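Visitor: Can you keep this structure in mind? I'll have questions shortly.
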Amino acid sequence: MSTYRWLIGLGLSLMATCAVAQTITVVSWGGSYGRASQRAILDPFTEETGIQIRMEDYNGGLAQIRAQVEAGRVHWDVVDLELPDLVRGCDEGLLELVDIEDMPAAPDGTPAREDYLPDTVTDCGGCTLFYSTAYAYNAEDFPDAQPTTIEDFFDLAKFPGRRGMRRVPYANLEFALMADGVPLADVYATLGTTEGMTRAFAKLDTIKDHIVWWEAGAQPPQLLADREVAMSTAYNGRIFNAQVLEKQPFVVVWDGQVLDSGGFGIVAGTLRLDEARRLLAFAARPAVMAGISKYISYSPARGSGAALVTTHLETGVEMAPHMPTTPANMARALQNDWRWWADHADEVNERFGAWLAR
């Protein structure tokens with residue numbers, strides 16, 4: 001009888017272990033983007049593989065990943081990261097290596113490495129999508145003259161009112177230099193000098209007393225809707241969803257948008273490495289990448305995915321005009337230099353923190 005009970009106990013233990021292994025924790029940005037990822041990537045992945053997803057939200061950065069890895073207590077498995085953090089996390093050994101050759105080929109057989117667009121592949125995986133940080137305003141607040149340039153965001157005399165900005169230096173410093181007359185091609189070279197950094201903070205000083213800081217991507221549309229700010233920087237997809245789903249009279253100003261990309265990284269030391277790798281391979285399919293655009297206006301990071309972008313699933317809105325990579329929206333776009341941020345993030349974050357406290 002004791003042997004029988006032992007075997008039953010062993011069987012139950014193995015079943016529990018398998019159940020745990022078949023559930024992974026995926027950490028993303030929440031809000032409308034989180035819902036889009038759930039519908040376009042995570043739910044179809046579970047349907048195909050049987051692997052369950054436990055979702056958590058965060059506001060970006062590597063601090064929580066670093067704490068888990070250094071403590072040897074990893075409870076996140078896959079994290080949706082901005083490209084600079086994907087690169088830094090990979091360099092610091094916080095993320096598992098991922099061979100891009102293991103990712104699926106394009107529909108016409110083109111190898112994945114050749115299908116990914118420039119600067120979207122790292123040693124820890126490829127990017128999933130392009131998005132931008134631009135600024136938006138409520139059209140009802142500007143019935144006459146309306147903002148059209150990045151300079152207008154900083155022009156309190158012509159366009160009075162508070163400004164919403166993300167509580168990080170990233171994109172804000174670039175916006176400041178572009179608004180101060182620095183050509184797009186020279187932004188990062190200028191930012192890399194002591195004088196250029198001082199110039200960027202001096203430009204931010206001109207609106208500092210009028211800034212309402214946000215941290216989560218869902219906040220800017222709410223700030224605009226509640227008239228707490230006259231303009232706000234925001235992720236373009238969050239504004240799109242407020243426009244088409246909530247019928248908000250918001251306008252995106254593409255001039256000076258900072259174009260970025262992001263993708264999934266696997267936390268180093270996860271006990272569910274195989275399941276995590278399967279998720280990354282699934283998310284790397286061009287059709288899956290393009291599927292995001294059925295829910296939010298973010299562009300696929302693989303060339304073959306662009307032709308698969310059509311309309312918004314719920315409203316039928318054509319997505320191309322709302323994509324950050326559409327040629328008309330790219331006329332004065334700044335491509336994020338993730339190498340610069342990977343090299344300078346720590347020192348710039350420290351200076352930004354000191355500036356905020358001053």
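The values are calculated or read from the model by the stated rules, or taken from the named source; none is laboratory data. Keep in mind it's a predicted model, so treat the numbers as computed, not measured. Because the Cβ atoms are built from the backbone with ideal geometry, glycine has one as well, and the counts that use them run over all protein chains shown. We work out accessible area using only protein heavy atoms, side chains counted, and drop any ligands, DNA or RNA first. Shrake-Rupley method; radii C 1.70, N 1.55, O 1.52, S 1.80 Å.
Visitor: Quick one: the Cα spread of the stretch 38-112 along its three principal axes, in angstroms, biggest first?
Guide: Extents along the principal axes: 42, 26, 21 Å.
Visitor: I need the shape label for the stretch 256-358. Rule: rounded when a/c is under 1.5, else prolate if a/b > b/c, else oblate, with a, b, c from the alpha carbon gyration tensor.
Guide: Numbers: a/c = 2.40, a/b = 1.21, b/c = 1.98.
Judged from the Cα gyration tensor, the stretch 256-358 comes out oblate (a/c at least 1.5, b/c at or above a/b).
Visitor: When the solvent-accessible surface of protein heavy atoms is calculated with a 1.4 angstrom probe, in what order do Cys90, Cys124 fall, highest first? Intermediate results must be reported in sequence, preceding the final value.
Guide: Values: Cys90 20, Cys124 0 Å².
Sorted descending by solvent-accessible area, the residues read Cys90, Cys124.
Visitor: Using a 1.4 angstrom probe on the protein heavy atoms only, line up Thr190, Thr315 by accessible area, largest first.
Guide: On the way: Thr190 30, Thr315 55 Å².
Greatest to least solvent exposure: Thr315, Thr190.
Visitor: Could you give each residue of the stretch 113-121 its phi-based ³J(HN,Hα) in whole Hz, using Karplus coefficients 6.51, -1.76, 1.60 with θ = phi - 60°, and x for Gly or Pro?
Guide: Running phi through 6.51 cos²θ - 1.76 cosθ + 1.60 with θ = phi - 60° gives 4, 7, 8, 5, 6, x, 6, 10, 10 Hz.
Visitor: Please give every one of the lysines within straight-line cross-link reach of Lys247, meaning a C-alpha to C-alpha distance under 28 Å, and leave out same-chain neighbours fewer than 8 residues apart.
Guide: By straight Cα distance, Lys247 reaches Lys158, Lys294.
Visitor: Share of antiparallel DSSP beta bridges in the chain, in percent to the nearest 5? Before the final figure, lay out the partial values.
Guide: Numbers: 26 of 43 bridges.
Expressed as a percentage, antiparallel bridges in the chain total about 60.
Visitor: Here's a follow-up. Kindly provide the Kirkwood hydrodynamic radius of the chain in Å, to one decimal, from all pairs of distinct alpha carbon atoms.
Guide: Numbers: mean 1/r = 0.0465 Å⁻¹.
Computed over Cα pairs of the chain, the Kirkwood hydrodynamic radius comes out at 21.5 Å.
Visitor: What FRET efficiency comes out for Asp123 versus Thr310 if R0 is 25 angstrom and r is the Cβ-Cβ distance? Round to the nearest 0.05. Let's see the in-between values first.
Guide: Values: r = 33 Å, r/R0 = 1.32.
Here the calculated transfer efficiency is 0.15.
Visitor: While we're looking at this one, here's another question. Express the carbon and sulfur contribution to the solvent-accessible surface of the chain as a percent, rounded to the nearest whole number, probe 1.4 angstrom. The partial results should precede the final answer.
Guide: Values: 8200 of 15670 Å².
C and S atoms contribute 52 percent here.
Visitor: I'd like the Karplus ³J(HN,Hα) series for the stretch 213-222: coefficients 6.51, -1.76, 1.60, θ = phi - 60°, whole numbers in Hz, and an x wherever there's a Gly or Pro.
Guide: Running phi through 6.51 cos²θ - 1.76 cosθ + 1.60 with θ = phi - 60° gives 7, 10, 10, 9, x, 6, 6, x, x, 5 Hz.
Visitor: Where in the chain are the helices, taken as whole DSSP H runs, whose Cα atoms extend 24 angstrom or more along the long axis and whose Kyte-Doolittle mean reaches at least -1.0? Walk me through the numbers on the way to the answer.
Guide: Working: long enough: 2-21 (28 Å, 1.16); 338-357 (27 Å, -0.78).
Taking the DSSP H segments of the chain (at least 24 Å long, mean hydropathy at least -1.0), we get 2-21, 338-357.
Visitor: How much accessible surface does Arg113 have with a 1.4 Å probe, in Å² rounded to 10?
Guide: Approximately 120 Å² for this residue.
Visitor: Taking all protein chains together and a probe of 1.4 Å, list Thr193, Thr25 from the most accessible to the least accessible. Show your work: numbers first, answer last.
Guide: Numbers: Thr193 55, Thr25 5 Å².
Heavy-atom accessible area, descending, gives Thr193, Thr25.
Visitor: Using protein chains only and a probe of 1.4 angstrom, how many square angstrom of Arg277 are accessible, to the nearest 10?
Guide: Using a 1.4 Å probe on the heavy atoms, I get roughly 90 Å².
Visitor: Ignoring ligands and nucleic acids, what accessible area does His322 show with a 1.4 Å probe (Å², nearest 10)?
Guide: 50 Å²
Visitor: Send over a whole-number figure in Å² for the accessible area per residue of the chain, probe 1.4 Å.
Guide: Numbers: 15670 Å² over 358 residues.
Averaged over the residues of the chain, the accessible area is 44 Å².
Visitor: Relative contact order of the chain: what whole-number percent is it, with Cα pairs under 8 angstrom and at least 6 residues apart?
Guide: Values: 625 pairs, mean separation 90.4, N = 358.
Answer for the chain is 25 percent.
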